[in-house]
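Contents: one structure, followed by commentary.
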Amino acid sequence: MSSRPTVEIVSEPSPMKLGINGLGRIGKLSLWHQVERRYFAEVVVNIGREAGTSLEDIALFIEKDSVYGALHNYLYGCRAGRVIEDLDEKRGRMVINGMPVTILRHHRNPRDINWLDHGVELALDATGRFRDPTLPADHDDGSLRGHLAAGARKVVLSAPFKISDKSSSMPDDAVTTIMGINEIDYDPTRHAIVSHASCTTTCLAFMLKPLIDSFGPKRFLSVSMATVHASTASQQVLDHLPKPGATDLRKNRSIFNNIILTSTGAAQALAQVLPEMGQIPFIAESVRIPVNTGSLIILVISFQEVPDKPWVDREQINNIYRRYSAQMTKGYLHFTEEQNVSNDIIGLYRVAATIEGQVTHTRTARVAVDLSQLIPMEVLEKIPETRVEVPITKAVVYGWYDNELGSYSNLLGDRVVTMAESMHR
């Protein structure tokens, strides 16, 4: 058994203001992260519309959560009292845990938010709507670059990039990073738009990087993964009539009552943060299950064994994760041999992936390969035996992740703060 070390990342408070566009699951939980951390002088949240009947209704939405409980209990424990105070309806302001928070309720298009007037230099787009870094700031439907036109110097996207025009390439000023994996790929002098990928890609990257670093990409014959994923806001509470032109009818079925096959963009985003994956055949699948949060990746890897190296086995893989978990000073990777269920990993602070070491398993077999299907005839004539046996090891690794707050929103918060620090060095 093992316990996760207590790790604290300390940053000096900044006079900067952070802008958050969107108050859905990631927007709200990013606000929780920032009011707990108190790095920024103020957070300005744009929801772009009226909500409820007053600012108090918005404050109650921020304060209460069906998954994580009340904000004050999350911050200070079961005996804590309310931490939201000083509501100013006219100015749209409140104080949360000692941090000023301003709520904007007028504009949905990023270019109209006017971050400049509010002193916001760094904006986090958590709407999930604006994902294409190639679209211009004045695009009719809005775009990430609209934040830059509105006065922000940098934009962080809480989702993977999605370029609509397949003939377009990634702009030079855009990059995808994951804290603890490739955050140094962010160049403050060059990049204005940064994606922090997705919750699934984040967990998967921490499951794969230790193995790639230890074995090298050439040992990997293939990789596949399936994420058993909690429900999200894009799914229906009850069965719903599909929209015009909808092709995936499963998205309209009740997540309360079904296991639903769906898709994941983890394969595309993973190659942007782990370039070695471009050398390895990889396929990713996803199923949604009726839980609020807490997801699982089942990772299956085929290793090619070589004569001069020990064959891959369960203990070797677990030792790699043990070592990386111990060396990772920010605590992003956790190795355990406890018998966990999904609720046990909800809220684990800054844990991108929890490796369930007790159920890691491997099996090695010799696979017959017919060289006549692979080698030209003139070469085959010189080989006495065209069928050879190759030792292949199949490994299965399980990784838990709290896809909302514990993993994704907290690592996203680290990305936002490190970018802010680099903006005023």
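Every read-out reported here was derived from the displayed coordinates using simple, explicitly stated rules and does not represent laboratory data. Not measured: the values here are computed from a predicted model. Cβ sites come from the backbone with ideal geometry, for glycine too, and all protein chains shown count toward neighbours.
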Amide H contacts under 5 Å for residue 195, placed H, 5+ residues apart:
157, 175, 176, 177
CD proxy, 222 nm, the chain: helix-only mean residue ellipticity via -39,500 (n - 2.57) per DSSP H run with n ≥ 4, per residue, nearest 500, stands at -6000 deg cm²/dmol
Cα-based Lys proximity count in region 200-403, under 24 Å, for pairs eight or more positions apart or on separate chains:
8
Could you calculate, for region 17-171, the ratio of the Cα radius of gyration to the Kirkwood radius, expressed as Rg to Rh?
1.00
Toy charge model, Lys and Arg Cβ at +1, Asp and Glu Cβ at -1: region 290-425 dipole around Cα centroid in debye, rounded to 20, equals 320 debye
Quick one, could you list the DSSP H helices from the chain stretching 24 Å or more along their long axis (Cα atoms) with average Kyte-Doolittle hydropathy of -1.0 or above?
199-215
Springs between alpha-carbon atoms under 10 Å, Gaussian network over the chain: tell me which of 211, 148, 405 tops the mean-square fluctuations.
211
Zone reached by a paramagnetic label modelled 7 Å from residue 86 Cα along Cα→Cβ, restricted to region 16-44 with backbone N below 20 Å, covers 16-20, 31-44
Please give the charge dipole size of the chain, origin at the Cα centre, charges +1 on K and R Cβ atoms and -1 on D and E Cβ atoms. Round to the nearest 20 debye.
320 debye
Using R₀ = 60 Å, calculate the FRET efficiency as 1/(1 + (r/R₀)^6) where r is the Cβ-Cβ separation of residue 54 and residue 190; round to 0.05.
0.85
Which FRET efficiency, nearest 0.05, do residue 73 and residue 93 yield, Cβ-Cβ r, R0 30 Å?
0.80
Explain nothing, just compute: Karplus ³J(HN,Hα) = 6.51 cos²θ - 1.76 cosθ + 1.60, θ = phi - 60°, for every residue of region 82-94 in order, whole Hz, x for Gly and Pro.
4, 10, 9, 8, 6, 6, 10, 4, 5, 8, x, 10, 8
How much length, in nm to one decimal, is gained on full extension between residue 343 and residue 394, taken as 0.36 nm per residue of separation minus their Cα-Cα distance?
15.5 nm
Using 7 Å Cα-to-Cβ label points, what is the residue 315/residue 238 separation (nm, one decimal)?
5.7 nm
Choose one answer from 46, 21, 182: the residue with the largest mean-square fluctuation in a GNM of the chain with alpha-carbon springs under 10 Å.
182
Dipole size in debye (nearest 20) for region 17-171 around its Cα centre, Lys and Arg Cβ +1, Asp and Glu Cβ -1?
380 debye
Residue among 247, 201, 177 with the largest mean-square fluctuation in a Gaussian network model of the chain, springs linking Cα atoms under 10 Å
247
For the pair residue 308/residue 168, report the inter-label distance in nm, with labels modelled 7 Å from Cα in the Cβ direction.
4.9 nm
Projected label distance in nm at residue 291 and residue 116, using a 7 Å step from Cα toward the beta-carbon:
4.8 nm
If Lys and Arg each add +1 and Asp and Glu each add -1, what is the summed charge of the other residues whose beta carbon sits under 9 Å from the beta carbon of residue 369?
-1
Cα gyration tensor, region 11-73 - rounded (a/c under 1.5), prolate or oblate
oblate
